[in-house]
Amino acid sequence: MNPNLWDDPPKAEALLKELKSHKNWVDKYNKIQEVVDDAEVLLEFQKMGEASEEEVNARYLQALEIIEDVEFRSTLNREEDELSCLLEINAGAGGTEACDWAEMLYRMYVRWGEQNDMKVKELNRVDGDVAGIKSVELELDGEYAYGLLQGENGVHRLVRVSPFNAQGKRMTSFASVFVHPMIDDRIEIEVNPADIEWDTFRASGAGGQHVNKTESAVRVRHLPSGLVAECQEERSQHLNREKAMTMLKSRLYEVELEKKRAEKAAVEANKMKNEWGSQIRSYVLDDRRVKDHRTKAENRNTDAVLDGDLELFIKAFLMWNSNL
């Protein structure tokens with residue numbers, strides 16, 4: 001109601017985001033209250049012989065599902081959990097196999113983002129020599145993107161009969177996934193211009209003649225920490241510089257978060273070498289099994305998982321992590 005609200009647009013936008021977050025929780029509470037009240041009324045009807053036991057059970061299971069969903073979302077209670085995220089995939093041990101596996105993971109996260117109404121942008125990509133990708137960085141823009149995907153940090157292991165092996169041997173491949181919160185105007189990160197170094201280069205891959213014939217891609221290096229961010233998404237070098245700077249600040253913010261969470265089995269503890277014994281999750285295609293080694297959650301529908309169905313693993317990790 002303040003007529004001067006929009007005199008300071010960044011502050012107004014931050015206030016509206018906070019208001020929207022509170023409204024979402026109030027709406028969830030009201031929904032729970034509604035389904036619980038409906039279940040109680042239906043139970044009374046059943047006692048009077050005006051509703052069946054099957055109807056009561058169906059309404060009870062509906063209420064239980066909504067309550068469990070809100071319970072797991074209540075674990076997303078840190079400031080950074082509400083943010084969008086940067087997701088980085090790097091092929092590990094395994095050569096062409098690993099590059100192909102990295103591209104499979106890339107598709108999995110893109111599909112997950114699309115299914116959860118998130119905007120997905122490819123910021124940087126390095127293709128494999130034969131097939132797949134060596135590395136790729138994505139931006140997933142949506143509510144609680146970082147909070148939901150934070151448990152994907154670590155090494156992902158694939159076991160399958162290789163399409164690249166003439167003998168049809170069973171092969172094992174690795175790829176690492178790193179997830180960083182994408183900071184917004186609510187979080188201020190100051191970077192001394194004297195501490196950064198810029199490079200420009202020609203973008204690679206698809207994108208049209210302009211992208212590939214001009215040095216529109218940029219790389220920024222933070223000298224004190226050694227952190228590097230690259231962006232070749234936009235046609236304009238200026239826009240790529242802005243996005244690369246945001247990426248760098250997001251990584252610096254993640255470093256600070258890790259320092260604060262060091263005593264609590266932080267995310268960085270899961271980022272190990274891309275080889276045997278360090279994986280957080282295994283995808284065994286011929287046995288039709290995907291298993292998370294931290295939470296012990298398992299899904300036998302490997303096709304659905306690789307098509308973006310990560311809900312089981314995301315919920316299991318958040319509940320497991322909240323109990324650490």
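The values are calculated or read from the model by the stated rules, or taken from the named source; none is laboratory data. Keep in mind it's a predicted model, so treat the numbers as computed, not measured. So basically every Cβ, Gly included, is an ideal-geometry build from the backbone, and we count neighbours across all protein chains shown.
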Item to check | Residue in the stretch 30-53 that is touching a Phe, Trp or Tyr at 6+ places or on another chain (Cβ under 9 Å), in a loop (DSSP other than H, G, I, E, B) and more than 23 Å from LEU76 (Cα to Cα) present | outcome: yes
Checklist entry - Does the stretch 132-187 hold any residues that are of a type in the set (A, V, I, L, M, F, W, C) and over 30 Å from GLU234 (Cβ atoms), and which are they? => result VAL155, LEU158, VAL159, VAL161, PHE164, ALA166, MET171, PHE174
Item to check | Residue count for the stretch 281-324, restricted to those that are in contact (Cβ under 8 Å) with a residue 24 or more places away in the chain and on the phi > 0 side of the Ramachandran plot | outcome: 1
Item to check | Output for the stretch 24-66, where each listed residue is over 30 Å from GLU82 (Cα atoms) and aliphatic (A, V, I, L, M) | outcome: ALA39, VAL41, LEU42, LEU43, MET48, ALA51, VAL56, ALA58
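Table: residues versus (1) of a type in the set (Phe, Trp, Tyr); (2) outside the structural domain of TRP112 (by TED's automatic domain parsing).
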| residue | (1), (2) |
| --- | --- |
| LEU15 | no, yes |
| ASP27 | no, yes |
| GLN46 | no, yes |
| TYR60 | yes, yes |
| ALA91 | no, no |
Item to check | 3 or more residues at pLDDT below 85 and closer than 30 Å to THR200 by Cβ: qualifying helices (runs of 4 or more DSSP H) within the stretch 232-324 | outcome: 237-260
Checklist entry - Which is over 17 Å from the mean Cα position of the chain (by Cα), surrounded by fewer than 20 Cβ atoms within 10 Å (Cβ to Cβ) and at pLDDT 90 or above, of GLU54, GLU97, GLU68? => result GLU54
Checklist entry - Do the conditions hold for TYR29, that is, is it hydroxyl-bearing (Ser, Thr, Tyr), more than 22 Å from the chain's Cα centre (by Cα) and surrounded by fewer than 12 Cβ atoms within 10 Å (Cβ to Cβ)? => result yes
Item to check | Those residues of the stretch 114-131 which are polar (S, T, N, Q) and either at pLDDT below 90 or loosely packed, with under 13 Cβ neighbours inside 10 Å (or both), in sequence order | outcome: ASN124
Next on the checklist: What's the total number of residues in the stretch 309-323 that are surrounded by fewer than 17 Cβ atoms within 10 Å (Cβ to Cβ) and small (Gly, Ala, Ser)?
Outcome noted: 1
Next on the checklist: All but one of (1) at positive phi; (2) small (Gly, Ala, Ser); (3) without any contact (Cβ under 8 Å) to a residue 40 or more places away in the chain; (4) buried (at least 18 other Cβ atoms within 10 Å of the Cβ) hold for ALA63; state the number of the condition that does not hold.
Outcome noted: (1)
Checklist entry - Scanning for something of a type in the set (Asp, Glu) and part of a strand (DSSP E or B), does the stretch 115-133 turn up at least one residue? => result yes
Next on the checklist: Checking GLU103 against (1) in contact (Cβ under 8 Å) with a residue 40 or more places away in the chain; (2) surrounded by 14 or more Cβ atoms within 10 Å (Cβ to Cβ); (3) assigned by TED's automatic domain parsing to the domain that holds PHE313: exactly one of these is not met. Which one?
Outcome noted: (1)
Checklist entry - Say we look at the stretch 143-173 and pick out the residues that are outside any strand (DSSP E or B) and on the phi > 0 side of the Ramachandran plot; which of these is farthest from the chain's Cα centre (by Cα)? => result GLY168
Item to check | Filter pass, ASP292 being buried (at least 17 other Cβ atoms within 10 Å of the Cβ) and under 24 Å from VAL120 (Cα atoms) | outcome: no
